[in-house]
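The values are calculated or read from the model by the stated rules, or taken from the named source; none is laboratory data. The structure displayed is predicted, hence computed values, not measured ones. Neighbour counts run over all protein chains shown; Cβ positions are idealised from the backbone, glycine included. With ligands, DNA and RNA removed, areas are computed over all heavy atoms of the protein, side chains included. Shrake-Rupley method; radii C 1.70, N 1.55, O 1.52, S 1.80 Å.
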Amino acid sequence: MKQPGSRDNSEQRLKEQTMTQQLTFVILSNGPETFRELRGALAEREGARVLAGGDDAEQVMEEIKRLRPTAAIIALSSTPENELRMVARVAAECPRTAVICTSRDASPDLILRSMRAGAREYMRLPLLPEEFKTVYDRTAEFCAGQPEAPKKRGRAVAVFSSKGGCGTTFIATNVAAALNAPTVLVDLNLQSGDLGLFLGVEPKYSIADLIENRERVDDSLMRSYVAPHSENLALLAAPREADSADDIEPEHVFQVLELLRERYDYIVIDPQHTFDSITLAALDQADEILLVLTLDIPAIRCTQRALAIFDRLGYPRHKVHIVVNRWSKQIDLDLRQVERYLGERVMGYVQSDYRMAVNSINLGQPLVESEPTSKIATELRQIAAHFSLTAQSAITTELRRGLLGSLFRREKAVEKTVSSELSAIS
Ligand SMILES: Nc1ncnc2c1ncn2[C@@H]1O[C@H](COP(=O)(O)OP(=O)(O)O)[C@@H](O)[C@H]1O
Ligand SMILES: [Mg+2]
């Protein structure tokens, strides 16, 4: 027999960890008596929590998928085929959830069938305290030994202007749609967000609901809080009632962005037009800031001031990209003059086309989707291409087709980057 002193450290650590661990359970019972017995036994264990339970296999399966508990306890009846099918489904669809079968029947045949279906443990009913303890401890060890799933880290892009009306919401929506990868658009206009209209969706939930439940968010809960617009694009809406926005603090924005980064390739943020604490929290954490302006003196001044504030906040200049919206040949100011004035290169521009912009907003469809071959859509896709290889590949395809030859002649540099980036990954 091994002496305690001879155990290696990692085994010891695992044991200590399992003693203090929180374990969560979902129970499929057959009748209230079984449920009471299982719940009673779990209630005596510190750290055990029953999240849901019932007799309906389909409903309980949905709860397991939604809540991802440490373990699913499945009671087998005298005709166990249906329950054994559920054991197999949990093992296949939720491999991090341990399946524990329990039954009044302790025949080797039934135990073997449950193990073959994917159960990790088996407990006899009525429960025997020693057996229950062994199964509980082994489940805790299984849970502690699970490797952490590698976390995804999406890129956060904030589209900002300290002056309203420059078209930040319009640009944020279109860039998000053009990214061509799993993207979530976050409406941080907490008092009066209307991004649902731009995307033609009616959100049931908002960022306030996500914040309220942030401690227990998993993939399926997250999916229920966002409103899907297309296969790749979803919206995390602003609260419908302005009141619920009052409780939102800057650290909540930080936590929400972390949760979103784990699940989406891109997080496109549409903040307010002020330097309030919520907006600053978002700008701080953004990997890129698109600073949007129009070619009029007030907007150019605001942009110059915003750049000075960014400098003071210590944002590196490579994080900030100037985008000129509503550009037109008829405006006397040319882009080079603006660049000289701001001391910063203009990364992209979007021409003025009020009819098209308003039609797309009224349609509830980003212009890159409703008018994909228009010049304005091309300009918007070009901005997205600065962040995304998938968006870049869409542009190179267009270039190959020769649709945009003349428009892109000035943008040879971008094209070169695109081809070298693409050859680097192929
Ligand atoms: N490139 C453009 N050409 C013409 N109109 C535009 C363009 N971009 C935005 N607009 C219009 O400007 C108005 C303000 O846009 P919006 O995105 O709501 O601005 P912001 O979010 O900065 O306040 C909208 O009516 C929109 O249709
Ligand atoms: Mg807006």
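Of the residues making up the stretch 365-388, those that are open to solvent by 10 Å² or more (accessible area, probe 1.4 Å) and in contact (Cβ under 8 Å) with a residue 12 or more places away in the chain are 365, 368, 369, 371, 373, 374, 375, 381, 382, 386, 387. Being within 16 Å of ligand 2 (Cβ to nearest atom) and touching a residue at least 12 places away in the same chain (Cβ under 8 Å) is not true of residue 232.
I'd like to verify a number: residues in the stretch 45-96 that are over 30 Å from residue 147 (Cβ atoms), surrounded by fewer than 16 Cβ atoms within 10 Å (Cβ to Cβ) and among the acidic types (Asp, Glu), how many? Qualifying residue count, the stretch 45-96: 3. Can you find a residue that is assigned by TED's automatic domain parsing to the domain that holds residue 123, of a type in the set (Lys, Arg), over 20 Å from residue 222 (Cα atoms) and not in a helix (DSSP H, G or I) anywhere in the stretch 58-70? No, every residue in the stretch 58-70 fails to be assigned by TED's automatic domain parsing to the domain that holds residue 123, of a type in the set (Lys, Arg), over 20 Å from residue 222 (Cα atoms) and not in a helix (DSSP H, G or I). Contact map, the stretch 350-364: residues that are over 23 Å from residue 385 (Cβ atoms) and open to solvent by 50 Å² or more (accessible area, probe 1.4 Å) paired with residues that are in a helix (DSSP H, G or I) and more than 16 Å from ligand 2 (Cβ to nearest atom), Cβ distance under 7 Å, separation 6+ or inter-chain. Pairs shown: 363/370. Scan the stretch 276-293 for residues that are within 16 Å of ligand 2 (Cβ to nearest atom) and surrounded by fewer than 21 Cβ atoms within 10 Å (Cβ to Cβ) and the total you get is 2.
Restricting to the stretch 139-166, count the residues that are open to solvent by 20 Å² or more (accessible area, probe 1.4 Å), out of contact with any helix residue (DSSP H, G or I) (no Cβ under 6 Å at 6 or more places or on another chain) and either modelled with pLDDT of 95 or more or within 16 Å of ligand 2 (Cβ to nearest atom) (or both). Here the count works out to 2. What do you reckon, is residue 186 over 16 Å from residue 269 (Cβ atoms), assigned by TED's automatic domain parsing to the domain that holds residue 326 and touching a strand residue (DSSP E or B) at 6+ places or on another chain (Cβ under 7 Å)? For residue 186, the condition - over 16 Å from residue 269 (Cβ atoms), assigned by TED's automatic domain parsing to the domain that holds residue 326 and touching a strand residue (DSSP E or B) at 6+ places or on another chain (Cβ under 7 Å) - is not met.
Annotation note: of 201, 175, the sole residue that is surrounded by fewer than 21 Cβ atoms within 10 Å (Cβ to Cβ) and more than 30 Å from residue 72 (Cα to Cα) is 201.
Among the listed residues 255, 337, identify the single one that is touching a helix residue (DSSP H, G or I) at 6+ places or on another chain (Cβ under 6 Å) and not aliphatic (A, V, I, L, M). The conditions single out 255. Among the residues of the stretch 227-245, those that are modelled with pLDDT under 90 and open to solvent by less than 100 Å² (accessible area, probe 1.4 Å) comprise 242, 244, 245. For the stretch 199-209, the set of residues classified as in a helix (DSSP H, G or I) and under 26 Å from residue 370 (Cα atoms) consists of 199 only. Flag: residue 185 does not match the condition of being within 14 Å of ligand 1 (Cβ to nearest atom) and surrounded by fewer than 19 Cβ atoms within 10 Å (Cβ to Cβ). From the list 188, 221, 197, 179, the one residue that fits, being within 16 Å of ligand 2 (Cβ to nearest atom), of a type in the set (A, V, I, L, M, F, W, C) and modelled with pLDDT under 95, is 197.
Within the stretch 210-263, being assigned to a loop (DSSP other than H, G, I, E, B) and over 29 Å from residue 22 (Cα atoms) holds for 229, 230, 231, 232, 237, 238, 239, 240, 241, 246. Scanning the stretch 264-273 for residues that are part of a loop (DSSP other than H, G, I, E, B) and within 16 Å of ligand 2 (Cβ to nearest atom), we see that the one that is least open to solvent (accessible area, probe 1.4 Å) is 271. Name, by its number, the condition in (1) outside any loop (DSSP other than H, G, I, E, B); (2) touching a residue at least 24 places away in the same chain (Cβ under 8 Å); (3) open to solvent by less than 60 Å² (accessible area, probe 1.4 Å) that does not hold for residue 339. (2) is the only condition that residue 339 fails.
The rows are residues; the columns are (1) within 16 Å of ligand 1 (Cβ to nearest atom); (2) among the polar types (S, T, N, Q).
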site: 287; (1), (2): no, no
site: 295; (1), (2): yes, no
site: 304; (1), (2): no, yes
site: 339; (1), (2): no, no
site: 343; (1), (2): no, no
site: 347; (1), (2): yes, no
site: 350; (1), (2): yes, no
site: 357; (1), (2): yes, no
site: 366; (1), (2): yes, no
